[in-house]
Amino acid sequence: THPPLVNGLTCAEGGEAAGKRLFPDALWVEYIDAGYTLSVVLKGRIEQYLSEHGKIPQVILLKNHGIFVSADTAEEIRALYTGVMDALKQEYEEASVTDTLAIADAEPASETEERIRELFGADAAYVTSSGAFACVPGPITPDHLVYSRAFPFTDELTEKAVANYKTKHGFAPKVVVAANRVFGIGTTANNAALALQLSQDGALVMQLAEAFGGLEYMTARAREFIENWEVESYRQSVAS
């Protein structure tokens, strides 16, 4: 799974050290491209852990990705998750980092929404929004890349700025910041809703990561792999 409480750790610069301190029996795995490559490497790491410890790891922390938890029963799974979440909540509390995202109150911006539709065309056939929050300015996990893209659009709403964004990144954004609001845009209502939801989730991850030294972004190579990965393109189409 990919809960923000966990990714505040796995996406942080000091995440590995903190993870090993908090969860000494867990297996920490550096960032590995999702899909077949991850499954093969992870199989090897689990086998190595088994050889060294005489058992498979019950908790696996994946850098810039999420967490795996394994046990024989659903009750054990729930207990393991509770233990992980409780330990992380205590760390955030001790670091004076809140686990709730602050979203500013803001008036609806119908004119701005219409301008977004006009500038982004079919890519903004559906638009949803919330009050402002601090959007993540870079790539943090594959899921955030797929559903809200690595980089929000934060420039003025002009044809030139939109063209520059598309030229630089090769596609339209999924998140637009304007008029003291954050807009999720998409070709379907679900796309737009997911863009906003994952943008808020990413903002919370960024906030939580401050407890462990701040965010550590995915590399450009890792980002480009996800952006061009056919499996993720298919997953996105299914989510539509």
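The values are calculated or read from the model by the stated rules, or taken from the named source; none is laboratory data. Remember, predicted model here, so these are calculated numbers, not experimental data. In this analysis, Cβ positions are derived from the backbone assuming ideal geometry, glycine residues included, and neighbour counts consider all displayed protein chains.
As for the range 80-91, it holds no residue that is closer than 24 Å to GLU224 by Cβ, among the aromatic types (Phe, Trp, Tyr) and touching a strand residue (DSSP E or B) at 6+ places or on another chain (Cβ under 9 Å). The set of residues from the range 107-130 being under 15 Å from PRO152 (Cα atoms), not hydrophobic (A, V, I, L, M, F, W, C) and not in a helix (DSSP H, G or I) comprises THR128, SER129, SER130.
Which of the residues belonging to the range 77-97 are over 14 Å from LEU208 (Cβ atoms) and among the β-branched types (Val, Ile, Thr)? Scanning the range 77-97 gives ILE77, THR82.
Condition first: among the hydrophobic types (A, V, I, L, M, F, W, C) and in a helix (DSSP H, G or I). Can you find one or more residues in the range 51-72 that meet it?
No, the range 51-72 contains no residue that is among the hydrophobic types (A, V, I, L, M, F, W, C) and in a helix (DSSP H, G or I).
Only one residue in ILE67, ILE103, ILE116 is outside the structural domain of VAL176 (by TED's automatic domain parsing), surrounded by 17 or more Cβ atoms within 10 Å (Cβ to Cβ) and in contact with a strand residue (DSSP E or B) (Cβ under 6 Å, 6 or more places away or on another chain), so which one is that?
On the way: ILE103 fails: surrounded by 17 or more Cβ atoms within 10 Å (Cβ to Cβ); ILE116 fails: outside the structural domain of VAL176 (by TED's automatic domain parsing).
Going through ILE67, ILE103, ILE116 in turn, just one is outside the structural domain of VAL176 (by TED's automatic domain parsing), surrounded by 17 or more Cβ atoms within 10 Å (Cβ to Cβ) and in contact with a strand residue (DSSP E or B) (Cβ under 6 Å, 6 or more places away or on another chain): ILE67.
Based on this model, can you work out whether PHE151 counts as part of a loop (DSSP other than H, G, I, E, B), of a type in the set (A, V, I, L, M, F, W, C) and free of Cβ contacts under 8 Å to residues at least 24 places away in the same chain? Yes. Remark: LYS55 falls outside the filter, which requires a residue to be closer than 26 Å to THR98 by Cα and of a type in the set (D, E, K, R). For TYR165, the conditions (1) over 19 Å from the mean Cα position of the chain (by Cα); (2) not in a helix (DSSP H, G or I) all hold with the exception of (2).
For the condition surrounded by fewer than 23 Cβ atoms within 10 Å (Cβ to Cβ), touching a Gly at 6+ places or on another chain (Cβ under 6 Å) and not hydrophobic (A, V, I, L, M, F, W, C), what is the one hit in THR128, THR219? Quick ask: steps written out before the conclusion?
Working: THR219 fails: touching a Gly at 6+ places or on another chain (Cβ under 6 Å).
Exactly one residue qualifies, and that residue is THR128.
Reported count of residues in the range 1-18, each being more than 14 Å from LEU208 (Cα to Cα) and of a type in the set (Gly, Ala, Ser), is 1.
Using the structure shown, decide if PRO139 is touching a Lys or Arg at 6+ places or on another chain (Cβ under 6 Å), modelled with pLDDT of 95 or more and surrounded by 12 or more Cβ atoms within 10 Å (Cβ to Cβ).
Against the criterion (touching a Lys or Arg at 6+ places or on another chain (Cβ under 6 Å), modelled with pLDDT of 95 or more and surrounded by 12 or more Cβ atoms within 10 Å (Cβ to Cβ)), PRO139 qualifies.
Scanning the range 33-82 for residues that are in contact (Cβ under 8 Å) with a residue 12 or more places away in the chain and of a type in the set (Val, Ile, Thr) yields VAL41, ILE46, ILE56, VAL59, ILE60, ILE67, VAL69.
Would a scan of the range 193-215 turn up a residue that is aliphatic (A, V, I, L, M), assigned to a loop (DSSP other than H, G, I, E, B) and at pLDDT 95 or above? Taking every residue of the range 193-215 in turn, none turns out to be aliphatic (A, V, I, L, M), assigned to a loop (DSSP other than H, G, I, E, B) and at pLDDT 95 or above.
ILE77 meets the conditions (1) within 21 Å of the chain's Cα centre (by Cα); (2) aliphatic (A, V, I, L, M); (3) assigned to a helix (DSSP H, G or I) in every case but one. The failed one is (1).
For the range 168-190, name all the residues that are in a helix (DSSP H, G or I) and over 25 Å from LEU215 (Cβ atoms). Those that are in a helix (DSSP H, G or I) and over 25 Å from LEU215 (Cβ atoms): ALA189, ASN190.
Of the residues making up the range 82-100, those that are part of a helix (DSSP H, G or I) and either surrounded by fewer than 18 Cβ atoms within 10 Å (Cβ to Cβ) or not hydroxyl-bearing (Ser, Thr, Tyr) (or both) are THR82, GLY83, VAL84, MET85, ASP86, ALA87, LEU88, LYS89, GLN90, GLU91, GLU93, GLU94.
Among the residues making up the range 71-122, those that are over 27 Å from ALA18 (Cα atoms) and among the basic types (Lys, Arg) are ARG115, ARG117.
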